[in-house]
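Novice: Just passing along the structure, written as structure tokens.
The values are calculated or read from the model by the stated rules, or taken from the named source; none is laboratory data. This structure is a prediction, so every number in the text was calculated from the model and none was measured. Glycine gets a Cβ as well: all are built from the backbone with ideal geometry, and neighbour counts include every protein chain shown. Protein only, heavy atoms only, side chains kept; ligands, DNA and RNA dropped before computing areas. Shrake-Rupley method; radii C 1.70, N 1.55, O 1.52, S 1.80 Å.
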Amino acid sequence: MNPLSKLSKPRFSPTRFKKTRSSKKPGSAPGTIAHVGNKVLNDIIINIHDYDLSHLTVKKIDSIEECKPFVDTEAVTWVQVMGLHDTDTLKKLYDEFEFHPLVQEDIVNTNQRPKIEIYGDQMFIVLKMIRIENNRIEHEQVSLLLSKNFVFSFQESDNPFFDAIKVRLDMEQTRLRRGGTDYTAYALMDTIVDYYFTVLEELSIQIDEIEDELMLDVEQEHLKSIHNLRRELIRIRKSIWPLRDSLNSLLRDDYPLIKDETKLYIRDVYDHLVQAIDNVDNFREMVSSLHDMYMTNISNKMNEVMKVLTIIATIFIPLTFIAGVYGMNFNNMPELTWEWSYPIVWLVMLIVTALMIYYFRKKKWF
């Protein structure tokens with residue numbers, strides 16, 4: 001019994017790639033709001049966090065009109081929007097805060113690649129949240145819109161991956177409460193990048209487990225797991241690699257919305273992102289090595305089988321020759337009339353077999 005058989009089951013299931021449904025017609029005008037993706041929530045959830053050093057207001061919004069008091073406040077306003085399918089409600093929100101038409105289109109299109117774009121006095125950021133949920137790696141688009149006094153975050157689900165930010169907001173005199181909208185945007189990006197390492201750590205554990213199992217025995221399930229890992233790593237790299245170039249541009253160029261002090265923290269996010277990409281590339285090489293190891297082990301097992309069959313066939317060649325000679329129906333074969341001819345033939349066959357087995361063992365062929 002394989003002592004590592006308990007590890008044969010993956011720690012998490014591979015992602016099942018769902019085909020996203022597109023309701024946008026080809027040739028639509030730029031800025032056309034059409035949800036592209038899967039409906040995750042039944043209703044859109046909007047939470048507002050309005051804060052500075054002296055106060056913190058947290059409110060769940062039931063109608064877009066309730067957002068008006070927070071539009072022109074001096075405090076920082078973080079609006080968390082969960083659910084992207086209700087384009088009519090989102091359109092009212094866009095109009096209230098004067099979103100650029102292209103931003104409105106990209107928010108509800110969940111097939112966007114990670115990027116950072118400037119639209120007048122607003123900065124639009126697209127990221128991919130990668131997390132493990134229900135033993136499955138889930139990918140989710142998160143969009144951030146940064147302005148002077150407010151930060152919007154748009155996500156497909158109501159997953160509480162930003163709860164750590166809310167806990168920090170509850171504490172007074174924190175850097176998050178003192179900072180502006182740029183620092184809040186940094187905190188949200190940093191949280192998303194931190195989740196990458198959680199997923200990569202689980203992938204690393206699974207790679208090590210498969211490697212340990214391959215050292216003992218190979219099964220068809222190993223090849224399936226290896227291909228699932230390879231596909232998942234390709235998708236992860238596709239989700240985080242474009243963000244590296246965008247953050248590099250953000251650090252290199254001057255943006256009025258991003259203070260120099262905040263750039264120091266964004267540089268830390270950039271370093272973590274580079275590290276995550278390096279880990280992904282290393283894991284891809286390791287998975288390729290696992291595939292080579294699997295194929296090598298399969299080849300070795302096949303060679304072992306062929307060696308055994310070859311040895312058996314080689315042993316029976318002289319025995320077949322002897323049986324063939326004395327199986328001929330010639331009249332003048334004196335051995336056929338000997339009294340002890342049958343046991344003598346058997347003795348010769350056994351001696352030949354023993355000599356060949358001794359020779360093979362001496363050569364260490366088995």
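Novice: Considering only residues that are among the hydroxyl-bearing types (Ser, Thr, Tyr) and outside any loop (DSSP other than H, G, I, E, B), which ones fall in segment 323-346?
Specialist: Passing the criteria: THR337, SER341, TYR342.
Novice: Examine segment 52-73 for a residue that is touching a Ser or Thr at 6+ places or on another chain (Cβ under 6 Å) and of a type in the set (D, E, K, R), and state whether such a residue exists.
Specialist: No, segment 52-73 contains no residue that is touching a Ser or Thr at 6+ places or on another chain (Cβ under 6 Å) and of a type in the set (D, E, K, R).
Novice: Which numbered condition in (1) under 25 Å from TYR183 (Cα atoms); (2) open to solvent by less than 20 Å² (accessible area, probe 1.4 Å); (3) over 33 Å from the mean Cα position of the chain (by Cα) is the only one that PHE70 fails?
Specialist: Result: PHE70 fails condition (2) only.
Novice: Scan segment 191-220 residue by residue and report those that are among the acidic types (Asp, Glu) and either crowded, with 18+ Cβ neighbours inside 10 Å or outside any helix (DSSP H, G or I) (or both).
Specialist: Passing the criteria: GLU209, GLU213, ASP217, GLU219.
Novice: Do we find a residue being in a loop (DSSP other than H, G, I, E, B), over 30 Å from PRO256 (Cβ atoms) and aliphatic (A, V, I, L, M) anywhere in segment 30-38?
Specialist: So far as segment 30-38 goes, yes, one or more of its residues are in a loop (DSSP other than H, G, I, E, B), over 30 Å from PRO256 (Cβ atoms) and aliphatic (A, V, I, L, M).
Novice: Right, next: Exactly one condition in (1) of a type outside the set (D, E, K, R); (2) open to solvent by less than 20 Å² (accessible area, probe 1.4 Å); (3) farther than 22 Å from GLY180 by Cα; (4) in contact with an Asp or Glu (Cβ under 9 Å, 6 or more places away or on another chain) is not met by THR77; state its number.
Specialist: Looking at each condition in turn, THR77 falls short on (3).
Novice: From the list ILE240, ILE226, which residue is in contact with a Phe, Trp or Tyr (Cβ under 9 Å, 6 or more places away or on another chain), within 25 Å of ASN111 (Cβ to Cβ) and buried (at least 17 other Cβ atoms within 10 Å of the Cβ)?
Specialist: Within the list ILE240, ILE226, the selection yields ILE240.
Novice: OK, next. Within the set of pairs 6 or more residues apart or between chains, which connect a residue that is over 14 Å from GLN155 (Cα atoms) inside segment 80-94 to a residue that is part of a helix (DSSP H, G or I) with Cβ atoms less than 6 Å apart?
Specialist: LYS92/ILE64; LEU93/ILE64; TYR94/GLN104
Novice: Suppose we filter LYS91, LYS128 for residues that are over 26 Å from LYS238 (Cβ atoms) and surrounded by 15 or more Cβ atoms within 10 Å (Cβ to Cβ); which single one remains?
Specialist: Only one candidate passes the filter, namely LYS91.
Novice: Kindly indicate whether LEU273 is among the hydrophobic types (A, V, I, L, M, F, W, C) and either touching a residue at least 40 places away in the same chain (Cβ under 8 Å) or in a loop (DSSP other than H, G, I, E, B) (or both).
Specialist: Yes.
Novice: So, one more: Give the number of residues within segment 304-314 that are surrounded by 11 or more Cβ atoms within 10 Å (Cβ to Cβ) and either under 45 Å from the mean Cα position of the chain (by Cα) or under 15 Å from LEU347 (Cα atoms) (or both).
Specialist: Number of matching residues: 4.
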